[in-house]
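S.K.: Sharing a structure with you now.
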Amino acid sequence: SQQGEEDPQALSIQEGENATMNCSYKTSINNLQWYRQNSGRGLVHLILIRSNEREKHSGRLRVTLDTSKKSSSLLITASRAADTASYFCAPLIYNQGGKLIFGQGTELSVKP
Amino acid sequence: EAGVAQSPRYKIIEKRQSVAFWCNPISGHATLYWYQQILGQGPKLLIQFQNNGVVDDSQLPKDRFSAERLKGVDSTLKIQPAKLEDSAVYLCASSLTSGNFEQFFGPGTRLTVL
């Protein structure tokens, strides 16, 4: 399986703190995507990082990718209560028709 | 831009009954996906269409699940007969095409099988 495996499974922090979630995968990828899921907005795409990229930013999000270690991390800076959600990484492999394989996710709780 | 539409939002059925879900992807999106998400787990791909052709259905339980994508636009997913373990949220997603593109997800259909 090429699924992304997120770590930790659950994370609880105070508003204003940074949150870091890690993802490991098992084989070569073309890109890796991060998604967020909460009850209000469903599953939403956050960021896509290609295999030839090492770091990418989007607002308060910073994603890194280390293909030699087959790992990625998602950093949320200055977290807000609205960031409370489950976060999934999903590696994508072209030879599987562009299929995303989701892991079980990291459940982030941001307390006001 | 309208998002991915799904209906119904909720469905409760008895085991051995049949059920169908409908999905309308974002206009112009060639690739359509159906996922099953069991509580506490990440989404699992059931089937992927490119236009009206099946790209991947390796994890679709074909003895009871079927899906079609009429004219390369709307899609239906059917379960017949349903089992207790089919209780899950069924998510439809679409993307411009397969590969280096984000997927846009619909709100899902929460299925409860009693």
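S.K.: From the list A:LEU43, A:LEU11, A:LEU32, pick out the single residue that is open to solvent by less than 50 Å² (accessible area, probe 1.4 Å) and at pLDDT 95 or above.
M.R.: Details: A:LEU43 fails: at pLDDT 95 or above; A:LEU32 fails: at pLDDT 95 or above.
Result: A:LEU11 is the single residue among A:LEU43, A:LEU11, A:LEU32 that is open to solvent by less than 50 Å² (accessible area, probe 1.4 Å) and at pLDDT 95 or above.
S.K.: State which residue is nearest to B:VAL55 (Cα to Cα) when the search covers only the range B:89-99 and only residues that are open to solvent by 10 Å² or more (accessible area, probe 1.4 Å) and hydrophobic (A, V, I, L, M, F, W, C). Spell out the reasoning first.
M.R.: Filtering the range B:89-99 down to residues open to solvent by 10 Å² or more (accessible area, probe 1.4 Å) leaves B:89, B:96-98.
Adding the requirement that they be hydrophobic (A, V, I, L, M, F, W, C) leaves B:89, B:96.
Details: B:VAL89: 22, B:LEU96: 15 Å.
Step by step, filter the range B:89-99, then rank; the result is B:LEU96.
S.K.: Which pairs turn up if I take residues in the range B:66-87 that are surrounded by fewer than 17 Cβ atoms within 10 Å (Cβ to Cβ) and look for partners that are hydroxyl-bearing (Ser, Thr, Tyr) and part of a loop (DSSP other than H, G, I, E, B) with beta carbon separation below 6 Å, at least 6 apart in sequence or on another chain?
M.R.: Between residues of the range B:66-87 that are surrounded by fewer than 17 Cβ atoms within 10 Å (Cβ to Cβ) and residues that are hydroxyl-bearing (Ser, Thr, Tyr) and part of a loop (DSSP other than H, G, I, E, B), the close pairs are B:GLN80/B:SER18.
S.K.: If you don't mind, another one. What are the residues in the range B:6-51 that are among the small types (Gly, Ala, Ser) and under 27 Å from A:ASP7 (Cα atoms), if any?
M.R.: Filtering the range B:6-51 down to residues among the small types (Gly, Ala, Ser) leaves B:7, B:18, B:20, B:27-28, B:30, B:40, B:42.
Within the range B:6-51, B:GLY40, B:GLY42 meet the criteria.
S.K.: I would also like to ask the following. If only one of A:ILE49, A:ILE76 is crowded, with 16+ Cβ neighbours inside 10 Å and either within 14 Å of another protein chain (Cβ to nearest Cβ) or free of Cβ contacts under 8 Å to residues at least 24 places away in the same chain (or both), which one is it?
M.R.: Values: A:ILE76 fails: either within 14 Å of another protein chain (Cβ to nearest Cβ) or free of Cβ contacts under 8 Å to residues at least 24 places away in the same chain (or both).
Just one listed residue meets the conditions, A:ILE49.
S.K.: Moving on. Among the residues of the range B:48-58, is any closer than 19 Å to B:GLY3 by Cβ, surrounded by fewer than 16 Cβ atoms within 10 Å (Cβ to Cβ) and away from chain A (no Cβ under 11 Å)?
M.R.: no
The values are calculated or read from the model by the stated rules, or taken from the named source; none is laboratory data. Every value quoted in this text rests on a predicted model; they were computed, and no experiment measured them. In this analysis, Cβ positions are derived from the backbone assuming ideal geometry, glycine residues included, and neighbour counts consider all displayed protein chains. These area figures cover heavy atoms from the full protein model, side chains too; ligands, DNA and RNA do not enter into them. Shrake-Rupley method; radii C 1.70, N 1.55, O 1.52, S 1.80 Å.
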